[in-house]
């Protein structure tokens with residue numbers, strides 16, 4: 001009854017059932033053991049030395065910038081998550097561009113932000129230094145870093161034993177160097193892959209895509225999952241001379257003829273199995289006739305070159321068909337990011353009647369066209385600040401050129417003066433706050449000074465965010 | 001004086017939200033007419049608030065002490081913290097204190113002189129007698145209860161209620177120390193080995209209390225503290241003073257739904273002695289913020305009586321806190337464990353012991369077991385309650401780093417890490 005294990009065994013069943021020692025005596029002896037055991041804590045030996053992080057190349061940002069980052073990485077500080085994440089993105093971009101890296105102790109916070117914010121991931125990787133990848137390796141929740149890092153470096157073969165993220169990274173990197181080898185890797189395993197992994201890997205063929213990929217992509221059109229077939233269609237659609245494009249062009253030509261300067265329309269009579277294989281969905285959404293729906297899809301996938309240039313839109317369209325035809329062409333212009341077609345279509349389409357199509361076209365515009373359209377829209381006092389302006393402004397690449405910034409500020413001020421649509425004013429000002437050059441902080445503050453109480457909050461907030469961005473950039477100089 | 005680091009400033013924040021609000025305010029555009037001076041050591045400025053008048057904010061850095069005309073009841077308020085953050089980032093010019101700053105500093109000096117002149121009160125001996133009787137009765141009841149546990153088998157009882165009932169009786173008996181020891185048994189209840197350990201150590205305390213008269217004075221004082229007798233601040237301040245450059249090596253706030261406790265671990269740069277300065281505040285109320293992490297302050301400390309002097313009060317400061325670069329007094333894990341062994345032998349009820357480790361790195365074994373290993377190859381487990389030490393891992397980058405930690409019966413809890421030139425809250 002003198003060993004700890006004996007005492008413990010007796011205490012477990014109770015001295016009533018296992019007599020031989022008084023309860024108080026048992027506790028007294030156990031106390032001596034307890035002190036002995038606690039005081040005798042010995043070091044553990046034989047643990048491996050962890051691998052050190054690879055050497056860093058870039059310096060850590062200075063203190064002020066480090067604090068700024070700590071604030072931006074913390075979800076509790078800004079009430080407005082959209083603004084916070086946009087500023088975080090700007091911080092990361094500007095820091096990396098200037099050759100700085102984030103302080104290492106903030107990397108776990110950044111990695112956690114990146115788990116939910118996909119669009120920030122490449123920025124986090126760029127500003128995280130070499131330590132980021134080293135750290136991410138140690139926590140399965142952060143493996144997405146490998147996918148992005150792998151795209152920048154080729155290295156170990158992660159194809160055979162890597163995680164899904166690492167396999168994607170490996171394929172991406174390989175496609176960049178040797179597209180044929182990348183395709184072979186995928187083709188060889190294709191039939192054995194789970195459909196989730198197929199859906200993740202197939203889009204990577206967009207990198208280094210060429211005519212040699214066509215045969216495989218054609219075969220994928222028979223895949224069982226629509227999501228995967230759609231990826232193959234997107235890729236085949238971007239291959240200029242693919243058989244897929246030929247088929248779609250032929251179908252489109254069969255429906256559209258130009259006679260005496262008028263586009264006349266004969267929609268497909270039915271949706272045959274070949275069309276379905278090429279991705280045409282037979283059942284229309286509510287409110288559209290099925291033949292019109294098939295036509296729209298055929299036009300959306302037919303190469304725009306089928307019609308010559310955007311001058312094609314100079315023709316009038318057979319009565320009753322213009323909406324369907326323009327919508328199909330707009331989808332094509334949007335898929336192919338064809339700036340000239342998008343510009344011509346925007347002139348032709350009734351902006352107010354088809355906001356969804358118009359929204360699709362803006363991203364296809366070139367930066368100059370976008371800026372011009374944005375300036376025009378802001379100057380139009382009669383139009384108000386609708387959703388469309390938001391679309392245009394959101395796609396104008398930041399930082400905005402000074403003409404646009406000036407036009408937006410003037411437009412906002414004029415709308416505030418006329419007390420129109422305060423909520424639109426607020427939304428547009430939020431976009432402006434994140435995209436204007438920060439040097440406009442003083443101008444925005446001046447507008448806030450001379451604005452009456454109704455719009456003042458909007459301009460104060462705008463000036464405040466611009467000022468904050470201005471300071472943020474200075475801290476990184 | 002070198003400015004403090006931002007971490008040191010933020011360690012002064014009464015709560016997390018103040019620190020965050022302060023960081024958001026710490027931009028030059030929110031401030032005007034800022035300045036700082038070396039003599040008197042102060043920083044001041046006007047901060048734009050929601051009202052028409054800007055807030056006047058001033059910090060006496062020697063203490064530090066704060067004044068702000070904002071209505072916030074937090075202390076220091078976000079404005080004072082933001083001002084110090086700007087100062088820490090070297091974004092405040094030197095200048096002459098304006099009149100409102102000078103006036104305030106003058107009133108402070110006056111008040112301080114008055115405070116030193118105040119006389120301590122004398123406790124009523126009859127109150128003490130009544131309390132001793134009540135505690136003695138509680139201790140006897142507890143001893144019977146301990147015996148009952150062992151007679152019936154220590155795992156026969158489950159559920160918080162079982163422990164809470166006894167704990168509540170001990171609170172009534174004015175033995176809050178014993179009460180919380182009994183309440184903590186609930187956490188050990190799932191592990192018989194731990195439960196027997198904790199029960200036996202309570203029994204040891206009971207035995208010690210009964211034989212209080214025979215114990216050496218220091219050990220007797222430890223037993224009384226553990227049982228829950230309060231020690232008057234004035235009595236502590238009347239004890240021997242220990243002057244040193246006290247380096248603040250860790251600051252950590254803990255709390256429940258009512259009370260926040262700020263634990264400041266100090267290390268005597270010359271004496272090598274550890275000290276723990278506690279401050280308390282109701283939830284949401286300000287905590288004392290006069291011992292910034294990463295600074296050392298030349299001061300007199302008075303230790304609470306006990307066999308293992310640890311908890312202390314700052315009796316007098318001789319200079320303003322100065323930042324130090326390297327943490328003092330770090331050593332190997334083997335040395336730290338030897339020290340811990342001696343400390344437990346002296347004070348069997350020890351729950352946390354401060355350790356300063358040199359050249360350590362976190363090592364993971366399996367999915368979620370972590371150790372801290374030093375360059376000699378010795379390691380000690382991380383307290384699982386501390387979670388994954390990602391900040392430590394990230395800051396150290398696989399290179400040896402210095403660390404201040406608490407050694408508990410479940411392993412070490414990292415508090416501060418010095419990785420290269422960076423001080424990081426682990």
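How about region A:65-89: which of its residues are more than 9 Å from every other protein chain (Cβ to nearest Cβ) and under 20 Å from residue B:390 (Cβ atoms)?
Taking region A:65-89 as the starting set, the residues that turn out to be more than 9 Å from every other protein chain (Cβ to nearest Cβ) are A:65, A:69, A:72-73, A:75, A:79-89.
Those that are more than 9 Å from every other protein chain (Cβ to nearest Cβ) and under 20 Å from residue B:390 (Cβ atoms): A:69, A:72, A:73, A:75, A:88.
Evaluation of residue B:185 against the conditions (1) within 14 Å of chain A (Cβ to nearest Cβ); (2) modelled with pLDDT under 95; (3) more than 27 Å from the chain's Cα centre (by Cα) shows that the sole unmet condition is (3).
Does residue B:29 satisfy the condition of being surrounded by 21 or more Cβ atoms within 10 Å (Cβ to Cβ), within 12 Å of chain A (Cβ to nearest Cβ) and either part of a helix (DSSP H, G or I) or within 26 Å of the chain's Cα centre (by Cα) (or both)? Step through it out loud before you land on a result.
Numbers: surrounded by 21 or more Cβ atoms within 10 Å (Cβ to Cβ): no; within 12 Å of chain A (Cβ to nearest Cβ): yes; either part of a helix (DSSP H, G or I) or within 26 Å of the chain's Cα centre (by Cα) (or both): yes.
No, not satisfied.
In region A:8-36, what residues are more than 7 Å from chain B (Cβ to nearest Cβ), within 24 Å of residue B:346 (Cα to Cα) and touching a helix residue (DSSP H, G or I) at 6+ places or on another chain (Cβ under 9 Å)? Within region A:8-36, A:29, A:32, A:33, A:36 qualify.
In region A:44-64, of all residues being in contact with a strand residue (DSSP E or B) (Cβ under 6 Å, 6 or more places away or on another chain) and assigned to a loop (DSSP other than H, G, I, E, B), the one that is farthest from the other protein chains (Cβ to nearest Cβ) corresponds to A:58. For region B:206-225, the set of residues classified as free of Cβ contacts under 8 Å to residues at least 24 places away in the same chain and assigned to a loop (DSSP other than H, G, I, E, B) consists of B:211, B:215, listed by residue number. I'd like to know if region A:90-99 contains one or more residues that are assigned to a loop (DSSP other than H, G, I, E, B), facing chain B (nearest Cβ under 10 Å) and either touching a helix residue (DSSP H, G or I) at 6+ places or on another chain (Cβ under 8 Å) or surrounded by fewer than 20 Cβ atoms within 10 Å (Cβ to Cβ) (or both). No; the residues of region A:90-99 include none that is assigned to a loop (DSSP other than H, G, I, E, B), facing chain B (nearest Cβ under 10 Å) and either touching a helix residue (DSSP H, G or I) at 6+ places or on another chain (Cβ under 8 Å) or surrounded by fewer than 20 Cβ atoms within 10 Å (Cβ to Cβ) (or both).
Could you tell me whether region B:251-261 includes any residue that is more than 17 Å from the chain's Cα centre (by Cα) and within 14 Å of chain A (Cβ to nearest Cβ)? Within region B:251-261, none of the residues are more than 17 Å from the chain's Cα centre (by Cα) and within 14 Å of chain A (Cβ to nearest Cβ).
Restricting attention to region B:359-381, the residues that are surrounded by fewer than 21 Cβ atoms within 10 Å (Cβ to Cβ) and either more than 8 Å from every other protein chain (Cβ to nearest Cβ) or not in a strand (DSSP E or B) (or both) total 8. Residues in region B:85-112 that are touching a strand residue (DSSP E or B) at 6+ places or on another chain (Cβ under 8 Å), free of Cβ contacts under 8 Å to residues at least 60 places away in the same chain and away from chain A (no Cβ under 14 Å): B:93, B:94, B:100, B:101, B:104, B:108. Residues in region B:4-26 that are in a loop (DSSP other than H, G, I, E, B) and more than 10 Å from chain A (Cβ to nearest Cβ): B:4, B:11, B:12, B:13, B:14, B:15. Checked against (1) surrounded by 15 or more Cβ atoms within 10 Å (Cβ to Cβ); (2) within 14 Å of another protein chain (Cβ to nearest Cβ); (3) modelled with pLDDT under 95, residue B:158 meets all criteria but (1). Counting only residues that are closer than 21 Å to residue A:64 by Cβ, in a helix (DSSP H, G or I) and more than 14 Å from chain B (Cβ to nearest Cβ), how many does region A:100-123 have? Summing the residues that are closer than 21 Å to residue A:64 by Cβ, in a helix (DSSP H, G or I) and more than 14 Å from chain B (Cβ to nearest Cβ) in region A:100-123 gives 1. Return yes when residue B:355 is within 11 Å of another protein chain (Cβ to nearest Cβ) and either crowded, with 20+ Cβ neighbours inside 10 Å or under 23 Å from residue A:112 (Cβ atoms) (or both) and no when it is not. When the stated conditions are applied, residue B:355 does not pass them.
Restricting to region B:257-288, give me the number of residues that are part of a loop (DSSP other than H, G, I, E, B), closer than 19 Å to residue B:415 by Cβ and at pLDDT 85 or above.
Restricting attention to region B:257-288, the residues satisfying the condition of being part of a loop (DSSP other than H, G, I, E, B) are B:257-258, B:269-273, B:283-288.
The next check asks that each one be closer than 19 Å to residue B:415 by Cβ; those that pass are B:269, B:272-273, B:287-288.
Now drop any that are not at pLDDT 85 or above, which leaves B:269, B:272-273.
Residues that pass the stated criteria total 3.
The values are calculated or read from the model by the stated rules, or taken from the named source; none is laboratory data. What you see is a predicted model; the values in this text were computed from it and never measured. Cβ coordinates were reconstructed from backbone atoms using ideal geometry, including for glycine residues, and neighbour counts include every protein chain displayed.
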